[in-house]
Amino acid sequence: MPFSERASRLKGSLIREILAAAQRPEVMSFAGGLPAEAMLPVVDWTTMPVSMGQYGMSEGEPALREALAAEARALGVPCEASQVLVVSGSQQALDLAAKLYIDKGTQVMLEAPTYLAALQVFQFFGADCIVVPLEADGPDLDALRSQLQTHRPAFIYLIPTFQNPSGVCYSEAKREAVAALLDEFGVTLIEDEPYRELAFDGGTSRPIVSRLQRSSWIYTGTVSKTLLPGLRVGYLIASPDLFPHLLRLKQAADLHTNRVGQWQALQWLGTDRLKQHLEALRSYYRVRRDAFQAALQTHFFDLADWHVPEGGLFFWLTLKQPLDTRTLLDAALAVDVAFMPGEPFFPDPDAHKGHLRLNFSHVDPALLDEGLRRLADVVRSGQSL
């Protein structure tokens, strides 16, 4: 029986394959974006109403939508609860947006590098991915203007706050300039902000969608990085012209998002308990980030360049002597270390060799130095071949 034409573009998830290979307890994994299990909060289910076990609204629980809209307005995002759609993790928001916009050959614009799972879903639907290089404070504005003049993308997908995988956080000036360019060219913005709350060195700037005057937009977030990934609760907020279409797509995909998870998320949002948890989480991750930076300086100072992320969960390394880091995976796993090669974060992996994404939140600090020492040895061996 023949499958759809789209099915021919299905690709396995390298990160999931690596995580599966790293399940042995002795493996030190820098590969995934996993929160530290020691910081997963203890949750209480005893007061959950029995009614949460019943079918719910496709849009999400009304009280949760109100709470999410209030938080977004506090960031400057112009919205009401009627623009909030609760989804099964922010990954579903990207899937719905792809379904709304992408046919085979549709042009979409992305940062280079970009979030691997977003790239995977956009390419699955047949997108032609146009890229804009990232600088230390955001996208190359000259390149962005040039690409917008040359192409007419259906949307641009950006992660401006502690970008995955690069860790880049857009400056205030870049956010303003990007918003102005998108308004000028009438391009829809999909702004993904899963790491906004994980800022270690001060506050963060307002979302880009809050600065738009004319362009349509979708803003996405999640509780996976701050509470429990297992709840699978994310959300999107969309400009009024887009929301009805996204809701219908959600209804075609599933009846509603996990009500039990929504109820638990609502017990935390806007509370002093969440504020205290976030302060503890930032402090915990700041210590791990600093320890990771010290170990990198010891073991990778002659191998790679990187910047210290001000938030999020990742370091992004650029090798001084580039090689295809995918070829190092087997050797790394053989010495009980897992990492994420950088090539798959680009639409054209073979043209962007020589990067590694390393997660600092998950590995036990007592094992951190040894893990990076082993990984550095693997890189040196690979470069000597």
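In table form, for the structure just shown:
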| item | result |
| --- | --- |
| R0 of 35 Å, Cβ-Cβ distance GLN383-ALA173: FRET efficiency to nearest 0.05 | 0.40 |
| Contour minus Cα-Cα distance for ASP241 and ASP128 (0.36 nm per residue) | 38.2 nm |
| Segment GLN293-GLN276, extension gain: residue separation times 0.36 nm, minus the distance between their alpha carbons | 3.5 nm |
| Label-point separation, ASP302 to TYR284 (7 Å along Cα→Cβ), nm | 3.7 |
| Kirkwood Rh, Cα atoms: Rg over Rh of segment 157-299 | 1.01 |
| Inter-label distance, nm, simple model (7 Å from Cα along the C-beta direction), ALA252/LEU323 | 4.7 |
| DSSP beta bridge pairing in the chain, given as percent antiparallel to the nearest 5 | 55 |
| Heavy-atom accessible area per residue - the chain, 1.4 Å, Å² | 42 |
| Low-density loop cleavage sites - trypsin sites (Lys or Arg not before Pro) in segment 153-253, where at most 14 other Cβ are within 10 Å (DSSP) | ARG214 |
| Equivalent ellipsoid semi-axes - Cα gyration tensor, segment 1-92, angstrom | 32, 24, 17 |
| Dipole of segment 266-385 [Lys/Arg +1, Asp/Glu -1 at C-beta], most positive-end residue of THR298, THR271, LEU372 | THR271 |
| With at most 16 neighbouring Cβ atoms within 10 Å, loop GluC sites (Glu not before Pro) (DSSP) excluded, longest segment of the chain | 81-385 |
| Surface share of carbon and sulfur [accessible, 1.4 angstrom probe, percent] for the chain | 54 |
| Cα-based equivalent ellipsoid, the chain: semi-axes from gyration tensor eigenvalues, Å | 32, 26, 21 |
| Dipole magnitude of segment 171-231, debye to nearest 20 (Cβ charges: Lys/Arg +1, Asp/Glu -1, about Cα centre) | 80 |
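The values are calculated or read from the model by the stated rules, or taken from the named source; none is laboratory data. Note that this is a predicted model, so its numbers are computed, not measured. A quick note on method: Cβ atoms are made from the backbone with ideal geometry, for glycine too, and the neighbour counts reach across all protein chains shown. Heavy atoms of the whole protein, side chains included, go into the accessibility calculation; ligands, DNA and RNA do not. Shrake-Rupley method; radii C 1.70, N 1.55, O 1.52, S 1.80 Å.
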